[in-house]
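The values are calculated or read from the model by the stated rules, or taken from the named source; none is laboratory data. A quick note: this is a predicted structure, and the numbers were derived from the prediction, not measured. Counting neighbours? That spans all protein chains shown, and the Cβs are built from the backbone with ideal geometry, glycine included. Each accessible area value is taken on the protein alone, full model and side chains, heavy atoms only, with ligands, DNA and RNA left out. Shrake-Rupley method; radii C 1.70, N 1.55, O 1.52, S 1.80 Å.
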Amino acid sequence: MTQAPDMGSLHDLDQHRAAKEATATAAAAPVTLVKPTTPPPGETVPADPDGAGEAVDRPDNPLADWLTVPDAPVLPVWARSRASVVANVTALGRLTWWHTRYHGIRAPKYLMKAVLLAARGFYRACVGLWPTLSAQDHTAAVKALKAQSKVRPEDVELAVRLQAAHAERTRIRRWRFGAAAVAVTTAVVGFTVAPPLVQVGMAAAVGTPLAYLGRGKETHLLDQAAPPIRVDMSAQQLNDALRAAGLLKSGKEGQDAPKVSCSMGPVRDGRGWAVIFDLPRGGGKTASDVLAKREVIAQELGVDEIQVIMSRVRAAKGGNAGRVSMWVADDDPYLGTPNPSPLEKAERFSIWDPIPFGQDARGTRVAIPVMWQSMFFGGLPRRGKTFSQRLLTAAGLLDPFVRHYVADGKGGADWMPMKAVAHRLVMGAEDDAIDALKAMLAELLAEMERRFALLRDLPTSVCPEGKLTPDIVTKYNLPVIFVTIDELQEYFTAMEKDDREQVINDLCRIARRGPAAGFISNFASQRPDAESVPPKLREIITIRYSTQVVDRTSSDMVLGKGKAAQGADASVLSEEHKGVGVLVTGPASYVTVRADYLDGPTFAALCRKGRALREAAGQLTGDAAGDVTAAADAAGVTVPPIVSDVLEVMRHSPRMFTTDLLAALVNLDEDTYGDFNAERLAAELEAAGVKRTSKQVKISGANGAGYQRRDIEDAVPAEILLGPTG
């Protein structure tokens, strides 16, 4: 139904025709695209209902260029937010206070230095004033007249002139020396009778110019509060380095060589130089080409490549395919005392938050979000690979709603404290440990399928994305599953082909589908190749970290194919870079990180804290619930260490030959059990209360000297093994 027009209103037909003609003209005009302007942080763009912006940007508007609002922010970067202003003012205050203390304790030294400079200045002043006081400006005339008088001794007029010159010089000397003496006497008397505060001012007024006069070319009154700059950089040096690396063309005869355009710097930034530059167009080079030439650029700048930190500036940050951000450190930024992990003093932690991992070259904290992710750690032995991997597992210890599944192919002491917390713990790569690993993976897959079935049946109001949420974790008792496997290559090299393929497929399923069900995979290996860790497992890992490796090929095996060419190269690290590695978090995101330090005793303390949290929350399950050592500590009962260690190495075996038991104990703690033999082992166990029902055991049809696990368990109080009763 159409509303009738208002008959009481009058319509101007001429105005109506003009409006129609304007509309037709606008429709016939060519369409132009207007680039939207991004408002600076803290500012908003007002609405433009009349299309004034489009009218200004019309190509036929002669004032378009003049009236175009620039995209540049009005305020500098440091003044765009209150937090930034407060941070910079605080930093200025801290710097001022530091300089005040630095120079304050050196005030006596500066005073002595000023006195010495003033003495030198006084000497120089006297030397400079002596020609004036002694009227040496008249000496030349007297000497000239004396020379003439020797030639013409009979000339009376000449003798009169010589006598007059002598008299004039003597008179000038007298009044100049007299004036100087009066001035000095007056100053001394005035200084003597003046109050102490005025005396200080007079001394400063006289001493300051004298000290300035006594300065030398290399003399500075104040000590240098900061170390001298080791690395210098200018735009010309940057252009020369890029040109030597083949990234800039040389200029033709009579023409200037192409140069980069710096949108920032080079400027001092902390303990280094920062610059953001754009490659010139027409050269056919991109930012990726610059990253691939990192070593050559470092050599041309006179530094090691570990000191050169480069990255692309993406469009989200105002960059383009030719824009590079570079920071050149004064020295190696990854050496020095390791930083303790913030987890060391934390009481609790939520696995849903990013985990504090370390610091980059400029001291910026690096945190890793692990939910919905899988991780792979690689690198040479004794470079901090396991210590770095344990940082992520340690965060899960402080969240009682995280269930740990741990397997260590080496079977050493690094992961042994996890027996107090882990739902499943597999140590070593012997046959029984491999069977336990396969059983653990089967249990994980069954739990994963159970969770998916449960999540599918939940309403969208509870599970909107079909994934685990913190509310679902607590409401349905579905703790996050943290799967940690160290030294993967030990398992794969010890397995038969069929078992190896089955385990690889199981791990791939967990890493690929598990994150949606709350599974976090945390794998580690030494230099992974097709034999030790197959590519089909490595390629589905989302977060990768590599400590030092031998070459770029090994670096790409850990971090991903082609990463070294992009700048993510762990082979540039040296033997001194323990705990330092390259972290890749995405297809084009990487950073070299100095991981936080978390030593063995601290990790063991976190495991004990994690056990207490789980006991309080009712989340202590699996192998940890029956851990003898932890249960004995909680009950105030002391279990001999050899008993708990033997039970640990026999975790997966009801019986074990003595030779195998000794080898496992040495692998567990070589310092303690390295000198043990069968006789000493038997004596120590007997002293700990172990009574052997049989000295012979039968395993796989073979008889030999050995031990039964039930005999070892009988030496432990029953209330510890069975737990508290009703």
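General remarks:
- Criterion violated by A616 - all others in (1) within 30 Å of V308 (Cα to Cα); (2) part of a helix (DSSP H, G or I) satisfied: (1)
- Those residues of the stretch 80-94 which are outside any helix (DSSP H, G or I) and open to solvent by 70 Å² or more (accessible area, probe 1.4 Å), in sequence order: R80
- Inter-residue pairs, beta-carbon under 8 Å, first surrounded by fewer than 16 Cβ atoms within 10 Å (Cβ to Cβ) and in the stretch 330-342, second aliphatic (A, V, I, L, M), 6+ apart: P340/L598
- Meets criteria (of a type in the set (S, T, Y), in a loop (DSSP other than H, G, I, E, B) and more than 17 Å from the chain's Cα centre (by Cα)) for T602: no
- Restricting attention to the stretch 408-446, the residues that are under 18 Å from A494 (Cβ atoms) and among the charged types (D, E, K, R) add up to 7.
- Flag for A718 being within 52 Å of the chain's Cα centre (by Cα) and modelled with pLDDT under 80: yes
- Residue check, D675 out of contact with any Phe, Trp or Tyr (no Cβ under 9 Å at 6 or more places or on another chain), in a helix (DSSP H, G or I) and open to solvent by 30 Å² or more (accessible area, probe 1.4 Å): no
- Subset of the stretch 547-559 that is open to solvent by 30 Å² or more (accessible area, probe 1.4 Å) and in a loop (DSSP other than H, G, I, E, B) - its residue that is nearest to S589 (Cα to Cα): D551
- Here the strands (runs of 3 or more DSSP E) wholly within the stretch 317-381 that include at least 1 residues being hydroxyl-bearing (S, T, Y) and closer than 30 Å to R614 by Cβ are 374-378.
- Residues satisfying the stated conditions in the stretch 565-607, i.e. touching a residue at least 12 places away in the same chain (Cβ under 8 Å), open to solvent by 40 Å² or more (accessible area, probe 1.4 Å) and over 30 Å from V421 (Cα atoms): A565, Q566, E575, E576, A588, Y590, V591
- So G562, is it of a type in the set (G, A, S), in contact with a strand residue (DSSP E or B) (Cβ under 8 Å, 6 or more places away or on another chain) and either buried (at least 21 other Cβ atoms within 10 Å of the Cβ) or not in a helix (DSSP H, G or I) (or both): no
- Taking the criterion of being under 37 Å from the mean Cα position of the chain (by Cα), farther than 22 Å from D223 by Cα and of a type in the set (S, T, N, Q), the residues of the stretch 79-132 that qualify are S81, S84, N88, T90.
- Here A429 meets the list (1) under 24 Å from R509 (Cβ atoms); (2) touching a residue at least 60 places away in the same chain (Cβ under 8 Å); (3) out of contact with any Gly (no Cβ under 8 Å at 6 or more places or on another chain); (4) aliphatic (A, V, I, L, M) almost entirely, failing just condition (3).
- Just one of the listed residues (A422, A407, A394, A413) is open to solvent by 10 Å² or more (accessible area, probe 1.4 Å) and either outside any loop (DSSP other than H, G, I, E, B) or hydrophobic (A, V, I, L, M, F, W, C) (or both), namely A413.
- Residues being under 17 Å from T386 (Cα atoms) and out of contact with any Asp or Glu (no Cβ under 7 Å at 6 or more places or on another chain) - total across the stretch 585-604: 9
- Where helices (runs of 4 or more DSSP H) fall wholly inside the stretch 448-546, the ranges with 2 or more residues that are of a type outside the set (S, T, Y), open to solvent by less than 50 Å² (accessible area, probe 1.4 Å) and more than 25 Å from M427 (Cα to Cα) are 470-475.
- Residues that are closer than 19 Å to A125 by Cα and open to solvent by 100 Å² or more (accessible area, probe 1.4 Å) within the stretch 187-222 comprise Y212, R215, K217, listed in sequence order.
- Residue pairs meeting the criteria (Cβ under 8 Å; at least 6 apart or on separate chains; first under 22 Å from T139 (Cα atoms), in the stretch 172-197; second open to solvent by 80 Å² or more (accessible area, probe 1.4 Å) and part of a helix (DSSP H, G or I)): A180/L129
- Unmet requirement for D269, which otherwise passes all of (1) under 14 Å from A244 (Cα atoms); (2) open to solvent by 30 Å² or more (accessible area, probe 1.4 Å): (1)
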